[in-house]
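Asker: Quick one: the structure is below, questions incoming.
The values are calculated or read from the model by the stated rules, or taken from the named source; none is laboratory data. Model, not experiment: these values are computed from the prediction. Cβ placement follows ideal geometry from the backbone for every residue including glycine, while neighbour counts extend to all protein chains displayed. Accessible surface is based on the protein model in full, side chains and every heavy atom, while ligands, DNA and RNA are left aside. Shrake-Rupley method; radii C 1.70, N 1.55, O 1.52, S 1.80 Å.
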Amino acid sequence: LSPIARIEIDRNQCAGHARCLTISPDMFDLDDEGRAIWLRQPETADEVEGARRAAHGCPEQAIRVDEGS
Amino acid sequence: MTVDLEHFWPLDPALSEDYWPTLARMRNECPVHRSKAFEGFWVLTKYDDVWQVARDYETFISGKGVSAVPFEESRVRPVPAMADPPFQRTLRKALDPFFAPRQVELLEPYIRKVAGELLDGFASRGSCEFMHDFSIHMPARVFFEAVLGLSDADVAKVRAWADTMMIDPHNSGRAWDEFGAWGQALCDDRRHKGPRGDGDVIDALLAARFEGEPLSDYTLQGVIVNITLGGLETTAMALGNILYRVTTMPEVAAYVTAPDMTSEKLAVAVEEFLRYETPQPSIARVASRDVEIDGHLIRAGDRVVLFYGSGNRDGDMFPRADELVLDRPLEENRHMTFGSGMHRCLGSNLARTEIRVALEEIFARMTDIELDQHEVRFRNAISRGPETLHLRFKERAR
């Protein structure tokens with residue numbers, strides 16, 4: 001199953017605000033250093049939407065959601 | 001009294017009287033402004049400018065001072081706020097885990113208990129002075145008891161130092177020294193007794209190494225002062241700001257106390273309260289090289305004030321920026337109340353939880369909350385909130 005969109009997190013930009021996991025708790029978490037990680041890549045339209053909302057709400061604009069090919 | 005923009009400075013009493021209109025004027029007329037106050041400094045008031053500068057930690061450094069106004073010098077410096085990488089990263093790596101969302105979640109029952117105890121102390125009276133009966137104590141008790149593992153016996157002393165630093169920074173050298181010495185005593189005591197075992201903040205600081213060496217005493221003092229100030233000051237002001245809105249805007253009171261209010265919806269509203277009124281509205285950086293912002297040449301060594309509170313009201317970033325839109329979606333509320341970039345407020349997630357839980361406990365006990373004073377004065381200090389907030393209310397039948 002190829003993901004329909006792909007989440008990319010720029011760890012150098014992430015400052016650990018934790019907004020992504022508040023907005024989309026199923027898809028994001030923080031690692032031991034307090035930086036955002038994705039828990040899964042989106043496989044449904046709802047998950048793409050959740051990932052996009054998290055990306056949009058990121059105060060550092062550190063998350064990108066690219067359309068799959 | 002109109003604010004003299006040519007000599008603008010954040011603690012100008014005239015600014016306090018005409019706060020939001022002045023910042024709006026600056027965003028419109030001079031978003032990259034050169035003030036002649038003190039030795040001269042730049043003031044940025046647009047969201048994008050503030051955001052870019054806050055993230056560019058190599059061009060705009062923190063190690064030469066982060067205060068928007070002159071501070072009386074002390075050997076105790078607030079770090080990690082006033083530090084640059086790689087040292088700043090070392091300190092944050094030691095501290096960040098204690099304030100991560102999962103850690104804060106574990107503290108929530110304790111936060112609720114502290115809030116409840118304080119409120120039960122005056123709920124049956126039907127009146128309170130919210131700032132000194134509740135707002136200032138709650139975050140202080142949580143920080144002292146749950147984070148530092150101390151009783152709240154020293155809170156009054158620490159508050160006095162914090163007030164001096166916030167209200168009268170030009171004469172705060174002694175407060176910094178004494179506050180630092182208090183932090184030193186905490187560390188010395190721990191060194192003497194050995195690690196606490198459950199690995200708290202003090203243990204983590206004593207175990208931290210930078211370039212192979214333990215942190216110096218002045219660093220330890222600076223960190224303890226920095227995190228304690230953060231724990232005490234801004235959350236208290238934020239709660240005061242919110243209760244001021246709740247008691248002066250009926251539609252706000254109706255929204256937050258509606259029967260269908262949930263923790264999730266209240267958390268969303270808290271973000272909007274935080275955007276609308278930033279308890280620590282500005283911070284500074286110093287340029288490490290010549291750099292241009294919107295056609296203005298900022299020279300190496302120039303101080304640059306980042307007005308987060310103004311960026312949060314920038315209409316180019318937020319639709320209806322001057323309105324309190326309590327259901328503003330989180331993804332559209334990228335406010336800078338906790339700063340931006342690597343210096344992002346260490347305690348942001350603790351603050352969010354404290355504020356939401358405090359509001360839940362307040363509304364569980366108090367109804368028909370009204371302001372019981374003619375005019376609310378906002379204190380004219382580095383942190384911004386009501387000086388006093390006399391409230392009248394009915395105790396909710398439980």
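Asker: Which one of A:55, B:87, B:182 is farthest out on the positive end of the charge dipole of the protein assembly as shown, using unit charges on Cβ (Lys, Arg +1; Asp, Glu -1) and the Cα centre as origin?
Answerer: Positive-most Cα among the choices belongs to B:182.
Asker: Give me the distance in nm between label points sitting 7 Å out from Cα along the Cα-to-Cβ direction at residue B:261 and residue B:320, one decimal.
Answerer: 1.8 nm
Asker: Over the C-alpha atoms of region B:307-398, what are the Rg and the largest Cα-to-Cα span, Dmax, in Å?
Answerer: 16.3, 46
Asker: Can you give the angle from 0 to 90° between the axis of helix A:45-57 and the longest principal axis of chain A, with both taken from C-alpha atoms, to the nearest 10?
Answerer: Tilt relative to chain A: about 30 degrees.
Asker: Another question about this same structure. Across bins of 10 angstrom width beginning at 0, how are the C-alpha pair distances of chain B distributed, in whole percent?
Answerer: Going from the shortest bin to the longest, the percentages are 5, 23, 33, 26, 12, 2, 0.
Asker: Can I ask one more? So if each residue of separation counts as 0.36 nm, and I subtract the Cα-Cα distance between residue B:7 and residue B:375, what length gain in nm does that give?
Answerer: Separation in residues times 0.36 nm, less the Cα-Cα distance, equals 129.7 nm.
Asker: Can you compute the radius of gyration and Dmax for chain A, using only the Cα atoms, both in Å?
Answerer: Cα-based Rg and Dmax for chain A come out at 11.0, 32 Å.
Asker: Given +1 on the Cβ of Lys and Arg, -1 on the Cβ of Asp and Glu, and no further charges, what dipole in debye does chain B carry about its Cα centre, rounded to the nearest 20?
Answerer: Dipole of chain B, to the nearest 20 debye: 620 debye.
Asker: In what sequence, largest accessible area first, do A:31, B:200, B:120 appear using a 1.4 Å probe?
Answerer: Descending accessible area places them as B:120, A:31, B:200.
Asker: Please report the orientation-averaged projected area of region B:67-136, defined via the convex hull of its C-alpha atoms, in nm².
Answerer: Averaging across all directions leaves 7.9 nm² for the Cα convex hull.
Asker: May I ask you to list, by number, the DSSP H helices of chain B whose Cα span along the axis is at least 24 Å and whose average Kyte-Doolittle hydropathy reaches -0.5 or more?
Answerer: B:101-120, B:217-248, B:348-365
Asker: Output the relative contact order of chain B, whole-number percent, from Cα pairs under 8 angstrom with separation of 6+ residues.
Answerer: For chain B, the relative contact order is 26 percent.
Asker: Determine the calculated [θ] at 222 nm for chain A from helices alone, applying -39500 (n - 2.57) to every DSSP H run no shorter than 4 residues and normalising by the residue count; nearest 500 deg cm²/dmol.
Answerer: It comes out at -7500 deg cm²/dmol, rounded to the nearest 500.
Asker: Which three numbers, in whole Å and largest first, are the semi-axes of the equivalent ellipsoid of region B:192-322 derived from its Cα gyration tensor as √(5λ)?
Answerer: Those come to 36, 29, 12 Å.
Asker: Which is farthest toward the positive dipole end of region B:241-394 among B:367, B:274, B:246, measuring Cα position about the Cα centre, with Cβ charges +1 (Lys, Arg) and -1 (Asp, Glu)?
Answerer: B:274
Asker: So if I place +1 on the C-beta of Lys and Arg and -1 on the C-beta of Asp and Glu, and nothing else carries charge, what would the dipole magnitude of region B:50-180 be about its Cα centre? I want it in debye, nearest 20.
Answerer: My answer is approximately 360 debye.
Asker: Report Rg(Cα)/(2.2 N^0.38 Å) for region B:242-398, keeping two decimals.
Answerer: Taking N as the residue count of region B:242-398, the ratio is 1.21.
Asker: Leaving out ligands, DNA and RNA, what percent of the accessible area of chain B is carbon and sulfur, probe 1.4 Å?
Answerer: 50 percent
Asker: Leaving ligands, DNA and RNA out of it, work out the accessible area of residue B:12 with a 1.4 Å probe and give it in Å² to the nearest 10.
Answerer: 30 Å²
Asker: When only the heavy atoms of the protein chains count and the probe is 1.4 Å, how do B:57, B:19 rank by accessible area, highest first?
Answerer: From most accessible down to least: B:57, B:19.
Asker: Once you treat every alpha carbon in region B:151-264 as an equal point and sum by Debye, what is log10 I(q)/I(0) at q = 0.17, 0.20 Å⁻¹?
Answerer: Relative scattering, expressed as log10 I(q)/I(0), comes to -0.89, -1.07.
Asker: Then there is this: Of B:208, B:97, B:26, which is farthest towards the positive pole of chain B's charge dipole, taken about the Cα centre with +1 and -1 on the beta-carbons of Lys, Arg and Asp, Glu respectively?
Answerer: It is B:208, whose Cα lies furthest towards the positive end.
Asker: Where the only charges are on Cβ atoms (+1 Lys, Arg; -1 Asp, Glu), what is the dipole of chain A about its Cα centre, to the nearest 20 debye?
Answerer: Taking the Cα centre of chain A as origin, the dipole is about 160 debye.
Asker: Oh, and also: So what are the three principal axis dimensions of the protein assembly as shown from its Cα atoms, in whole Å, longest to shortest?
Answerer: Dimensions of the protein assembly as shown along the principal axes of its Cα atoms: 60, 57, 57 Å.
Asker: At 1.4 Å probe size, with no ligands or nucleic acids counted, give the accessible surface of residue B:325 in Å², nearest ten.
Answerer: 20 Å²
Asker: Turning to a different aspect of this structure: Can you compute the modelled spin-label distance between residue B:364 and residue B:106, with each label point 7 Å from Cα toward Cβ, in nm?
Answerer: Here the modelled spin labels are 2.2 nm apart.
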